[in-house]
1. State yes or no: is A:Glu43 within 14 Å of chain B (Cβ to nearest Cβ) and either among the hydroxyl-bearing types (Ser, Thr, Tyr) or surrounded by fewer than 23 Cβ atoms within 10 Å (Cβ to Cβ) (or both)?
2. What are the residues in region B:301-326 that are under 12 Å from B:Gly91 (Cα atoms) and touching a Lys or Arg at 6+ places or on another chain (Cβ under 6 Å), if any?
3. Being of a type outside the set (A, V, I, L, M), open to solvent by 10 Å² or more (accessible area, probe 1.4 Å) and in contact with a Ser or Thr (Cβ under 6 Å, 6 or more places away or on another chain) is true for just one of B:Glu371, B:Glu334, B:Glu364. Which residue is that?
4. Name every residue in region B:542-573 that is outside any loop (DSSP other than H, G, I, E, B) and of a type in the set (Gly, Ala, Ser), in order of residue number.
5. Are any of the residues in region B:664-673 touching a residue at least 40 places away in the same chain (Cβ under 8 Å), in a loop (DSSP other than H, G, I, E, B) and surrounded by fewer than 19 Cβ atoms within 10 Å (Cβ to Cβ)?
6. For region B:840-853, what are the residues that are crowded, with 24+ Cβ neighbours inside 10 Å and either within 16 Å of ligand 1 (Cβ to nearest atom) or not aromatic (Phe, Trp, Tyr) (or both)?
7. If we only count strands (runs of 3 or more DSSP E) wholly inside region B:191-244, which ones have 1 or more residues that are more than 16 Å from ligand 4 (Cβ to nearest atom) and open to solvent by 30 Å² or more (accessible area, probe 1.4 Å)?
Amino acid sequence: MNAATARLVLADGEVFEGEAIGASTVAVTGEVVFTTVMSGYQEVITDPSHAGQIVSFTAPHIGNCGTNPADSQAARPHCRGVIVRDLTRRPSNWRSTETLDGFLRRHGVPGIAGVDTRRLTRHIREEGSMPGAFGTADTAALEAAARSEPGTAGVDLVSQVTTAEPYTVGTGPGRIVAYDLGIKTTMLRRLGELATVTVVPADTSAADALALEPDGVLISNGPGDPTRAGGIIGEIDTLLGAGPVVGICLGHQVMALALGGRTYKMKFGHHGGNVPVQDLRTGAVEITSQNHNFAVEAGSVPGVTETHRCLNDGSLEGFTVHGAAAFAVQYHPEAGPGPHDSHYLFAEMDRLMSTAADPSAR
Amino acid sequence: MPRRSDIESILVIGSGPIVIGQACEFDYSGTQACRVLSAEGYRVVLANSNPATIMTDPDLADATYVEPLEASVLTRVIERERPDAVLATLGGQTGLNLAMELWESGTLTANGVELIGADAAAIATAENRELFKQAMIEIGLEVPRSGTARSLEEARSVVERVGLPVIIRPAYILGGSGAGMAATAEELNEVAAAGLAASPIGEILIEESIAGWKEYELEVMRDDRDNCVVVCSIENVDPMGVHTGDSITVAPAQTLTDVEYQQMRDAAFGVLRRVGVATGGSNVQFAVEPGTGRQVVIEMNPRVSRSSALASKATGFPIAKMAAKLAVGYRLDEIPNDITGVTPASFEPAIDYVVTKIPRWTFEKFPAASETLGPSMQSVGEVMAIGRTFAESLQKGLRSLEQGRLGLNADPAESAYDHLSDRHLLDRARIASPDRIFQLETLLRRGVAVDTLAAATGTDPWFLDQMLSITEGRLELGPVSPESLDRRGWRRVKRLGFSDGQLAHLWDRPEPEVRAIRLAQGIRATFKTVDTCAGEFEAHTPYHYSTYEDTDEVVPGHRPRVVILGSGPNRIGQGIEFDYCCVHASLALRDAGYETVMVNCNPETVSTDYDTSDRLYFEPLTPEDVTNVIEAEKPVGVIVALGGQTPLRLAGLLPPHLILGTSAASIDLAEDRQGWNNLCARLEIPQPAGGVAADLDQARAVTARIGYPALVRPSYVLGGRAMEIVYDDADLAAVMKAVKATAEPGALAREGPLATERPVLIDRFLEDATEVDVDAIRDHRGEVLIGAVMEHVEEAGVHSGDSACSIPPTNLSPPTVAVIEDYTSRIAAALDVRGPLNVQYAVKRSQVFTLEANPRASRTVPFAAKATGVPLAKVAARVMVGATLAELRAEGLLNRPALSDHVAVKEAVLPFDRFPEADAVLGPEMRSTGEVMGIDLTAGLAFVKAQLAAGTRLPAEGTVLLSLANRDKPLAVEAGRILASLGYVIAATAGTAAYLRSHGVVVTQDVVKIGADEPGHHAVDLIEAGQVQMVVNSPKGPGPRADGAHIRAAAGRAGVPLLTTGAAAVAAAKGLRDWKTHRPAVRTIQEYHRGVHANQLRLFGGPNRSDGSGP
Ligand SMILES: Nc1ncnc2c1ncn2[C@@H]1O[C@H](COP(=O)(O)OP(=O)(O)O)[C@@H](O)[C@H]1O
Ligand SMILES: Nc1ncnc2c1ncn2[C@@H]1O[C@H](COP(=O)(O)OP(=O)(O)O)[C@@H](O)[C@H]1O
Ligand SMILES: [Mg+2]
Ligand SMILES: [Mg+2]
């Protein structure tokens, strides 16, 4: 109850009061983003795509179900810090093994609670996501820290989250090579149902990947600026020529860049589990799970058919590549957290892989 | 697909009277539907028997049939209107059942009417529990084990398979009526028999009990492109076993991980697809085993429901409006989200606050009923509260209930359980009841562990721990002083939802002082916005709630603002009628150029639709919360006279210059016994003799002066609460004792801050007097408009809210009506009324007595408006902001009453079927939940229609059993004579039979006393044997369960029409006489308002129709 007073200060000088939770910190910095998911805080906190970011939850009660070993999206949290309105003291869920507070402490992630997160959300909505700092330091120190934080644009974050060594998961019949730009456990589970998945570091060459004779290649989600995603961009062309390729989130952006398209930083991105996306081929609307601050400029990518569009702001959400067995989407069909409406894309990937593997079906 | 152009006109079926389980949420949804369909250019035909609804306003549909919601009547409507389609998914279970009946009888097909929204196959799959379960198993979802039975033997064999305890439910019933739990073989017999009787198809479903599991609901929508969205998830604080309608519920769900939530979401869509709901909103209920996370499907409703109204208010996503659009062909992505304006409706709302719904019960009206909650819904209303945290919203919700509680604790009632040991209290809390939340709080305060309480009650530990944080806050605050609390401390306290009133109680300081100290610390309420998107997009609808945060989102207005205070939770005595008035005020004042600001906390209503007013504040109606709104909005005035007693009580606590219309002083004068008596004396308007008494001696002195019978009641109550008729000194002593007992916390005190020290009022009870209600409006120039004079069917002594009444009066002489109008005008002038006034009179032998006057809109305003075509509530609202009647006439708002030959009869609908233990007699304490209107060209026809609409089908032939108290016997003669002449067989109990015979009425069958040794049948036997088609039984005064009570109970069980007053019997007899000679006709109220002449009555060929068909 008598937690230490903490403050959050944004780079533009906006100050928010709260109290310290999780790992203790004098000042932690990062790009401040808000997510509107109403369930799945554990998944969000452990999502590697949040590397470099401080995540604020619009849902007021966070930690209600505690944490459990199964729902993490990576071995450890990747966000720099957590902002909540109210941290649950006594979680309740049959799978819970630890409180969120304990989990944050154990992993060294600081947090701030009691914040008027709605005010913060509205501020970011108006001013855009920006660097910020929070902790027990005084306001001036926090503001200085916030100003010196570079944010995510132009920063290589992928190298911080990608696997050091290849590893294999899954039991499905096919063979998939997954480029780990910050891949999530749920994605591996989904892919593992289709194939034996070899997860490779982000800087793996196309030749090395193709040497594994995959039925398909996945370019995963990941944090930050696609233009700083590293050598992968140069490998896409070769991969596309060799067989089915699927890009997810950052993977979608990377593929677009490789094909000659442009990406841009959004004002505050899409971070939530309720984003309506229309499949332009059928008119069907899927409610999607999203987590990105950069996007592909619609109409900028040569040689693709745009297949999906965000109904909230018209942004590009997916495309297929002409002359290749490849597609990419900006959102997270694997969910975790979020709705399962887009699971059909795994069937789609499976179909691409079996068609490619069976020349008679071409 | 865009709007369908192959249909032109659509029949919308409403849900009829307000009953337990089906309240004004269907007016909210139906109103939205009518508005949408009209705006889309369809011809809207509406059928609804409930005149107190907004949807039956003549401008909401092209043709509005205020006619009984009954298949034969709707068939006539369909034949007359020839609609292309019927939309039945917005009128509750009533609308759905009727549509199914019309479909099954072939009426829809024969008339080429399509069922839109959900088709018959989908409705059948969802509504038939057995079909539904099979369908669920087919798609791989788990359901509780179960079986159906059509007899007791079958029931027993099902139980052998599924094991006790079980839950038993009648098929085809709404709100869980007749459902019950059985843990033993005896209970099984009892509950199964009741269920078999309650089901319209004589079938029950027996299901393994999973009481104690967690209960959830998902509100889902689907369009014809198969796009599905979850609008809202709802988690019940009370576990399975307590009907969701009787549970405290929270949105969004709080204790599901994403994995579990998505599993539930997938299942909900699977249910929708399998059941085949083509378009629209549905609700799917789930149970989750707390220890394993196992999920089972409980049921789905293929229509909008009470929960969808709640979900709409909780999220800002208007489900009914969307459902109407989807039904005519639109897809979710083709409909914009009103609130953001830029995003489409094909999304799932994100919520950044916590919504708590708390039911409100009225057990005190049915003393015989046990206050145990179970699978059958018993609450009559609910409140919703929004806070940033559960703690805050729970405390706001509890103080919204207006039951004397200021929050979860820290008020005088927090000590209610001090006399109970932990163990006793825990034992009480094991049984679900309206007080359980407070029992749990007390146990937490005493240090009983969260886990102990969770195990005992099935309440999730998360909720209990949140409650514990409130309790800890309260314990910490006790020893400190308001001055010693720093800014941070204050903020923490207010964020836990503590009201200034609670703090004032804790610190024993006046509330204004507490508020002042708080404001000095800079802690004031901030208003946030319900915007469907957790702040991600800009919201364009000012739908606010208060909380204690950094910043406020209220945007200053441009036009002068008027705050309208709503009527809070529905309860017996104060329901939809007052919401109707508030909504009309908002519409009228908006038209007149004001910005309207609605404050209310009832999620079922039209007033809390964000579309109704310019601004909506979802807030408790307490001085503190209302003051916050006033400070934020800076209105030119506040309307307190349209929301019933709730806002009226606040009048004296708000700045006097802001009270629009009649002043707070005048309101007080009308409520104050002495002042009111003086006023009547000065005006020389007769009142029943009376006096006040503080104790029994004083009471005896009063009755010695005025004589018996006398009417005794506590002062300052609504709805005739705790009112008793006493016939002698012994009665008086008993009642005085009872009134004192009601002063205990928990009993009568529930009605709100009832000052129990206030004296008891005693009046001479006027026997056999005709009661009359008048609704009038007076403007500041002094002109008085008599809106309607309503003659009651039942004599004075039956609460005006429970009696039938007619416009125009049918028996009062013109001179008497003139006297009544004159008294009304003079009372209005003496009270300096500026706005609405309701006066009640009793007419005895042509002498007119006033019973009471209320300078506010009354329950009858909507009925009067529907009957006369004059928009009384709108006129009243305009008058309150300074318009004169003359100006309104010139403007065209105030029209002349319809020049027509019709008679409109209002009939009350009573909830005795929900409280089988209670005796179904009418008295001075109001117990009806809703009302209907019958309208036709004779009083008799209108009365019969009103009965039919209220669910009483008067028989076309057969035996009528008469058994009346002595004072009613002359009326029995009149009724008996008519009924005999119509060919009914008259049966009567001994005294009544003798009296009838001595007055020349033929009595064919003598009925013996119950338990008597004489040969012959007694009444209960006859009723149970199906040999009686109608019962007239009036009570012979209070006492033990006399024969009469058994007769009434038997009639109730057997579903035989029951009339409990002689006056109603006469009205029914006259009605049946008219019914037998006239062809039934349905007409719209628009036609009546234009004028329908008596020559449109069509007689059958002869004086007596021979086809035997009844109403
Ligand atoms: N198998 C069961 N065991 C225990 N309680 C049940 C069971 N099924 C339903 N209930 C309780 O009864 C209530 C009413 O049941 P429900 O099927 O929702 O009917 P309805 O809402 O149509 O009245 C539920 O809200 C739930 O609390
Ligand atoms: N003196 C009286 N004689 C007969 N009936 C009465 C008398 N006073 C009240 N009543 C009956 O009691 C009912 C309730 O009383 P009323 O004063 O209207 O209280 P409320 O404020 O609850 O409406 C009335 O509708 C009327 O039927
Ligand atoms: Mg239900
Ligand atoms: Mg009254």
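1. Values: within 14 Å of chain B (Cβ to nearest Cβ): yes; either among the hydroxyl-bearing types (Ser, Thr, Tyr) or surrounded by fewer than 23 Cβ atoms within 10 Å (Cβ to Cβ) (or both): no.
No, not satisfied.
2. none
3. On the way: B:Glu334 fails: in contact with a Ser or Thr (Cβ under 6 Å, 6 or more places away or on another chain); B:Glu364 fails: in contact with a Ser or Thr (Cβ under 6 Å, 6 or more places away or on another chain).
Being of a type outside the set (A, V, I, L, M), open to solvent by 10 Å² or more (accessible area, probe 1.4 Å) and in contact with a Ser or Thr (Cβ under 6 Å, 6 or more places away or on another chain) holds for just one of B:Glu371, B:Glu334, B:Glu364, which is B:Glu371.
4. Pass one, region B:542-573, residues outside any loop (DSSP other than H, G, I, E, B): B:543-547, B:561-565, B:571.
Correct list: B:Ser546 only.
5. Of the residues in region B:664-673, the ones touching a residue at least 40 places away in the same chain (Cβ under 8 Å) are B:666-667, B:669-671, B:673.
Then keep just the ones that are in a loop (DSSP other than H, G, I, E, B); that gives none.
No, that holds for no residue.
6. Step one: list which residues in region B:840-853 are crowded, with 24+ Cβ neighbours inside 10 Å, which gives B:841-843, B:853.
Listed by number, the residues that qualify are B:Ala842, B:Val843, B:Ala853.
7. On the way: elements: B:204-208, B:214-222, B:228-236.
Those strands (runs of 3 or more DSSP E) span B:204-208, B:214-222.
To keep it simple, each residue is scored yes or no on (1) within 14 Å of chain B (Cβ to nearest Cβ); (2) under 20 Å from the mean Cα position of the chain (by Cα); (3) of a type in the set (S, T, N, Q).
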| position | (1), (2), (3) |
| --- | --- |
| A:Ile124 | yes, yes, no |
| A:Glu127 | yes, no, no |
| A:Ala133 | no, no, no |
| A:Gln160 | no, yes, yes |
| A:Ala164 | no, yes, no |
| A:Tyr167 | no, no, no |
| A:Gly170 | no, no, no |
| A:Asp180 | no, yes, no |
| A:Thr186 | yes, yes, yes |
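The values are calculated or read from the model by the stated rules, or taken from the named source; none is laboratory data. Worth saying up front: this structure is predicted, and the values here are computed from it rather than measured. Cβ sites come from the backbone with ideal geometry, for glycine too, and all protein chains shown count toward neighbours. Heavy atoms of the whole protein, side chains included, go into the accessibility calculation; ligands, DNA and RNA do not. Shrake-Rupley method; radii C 1.70, N 1.55, O 1.52, S 1.80 Å.
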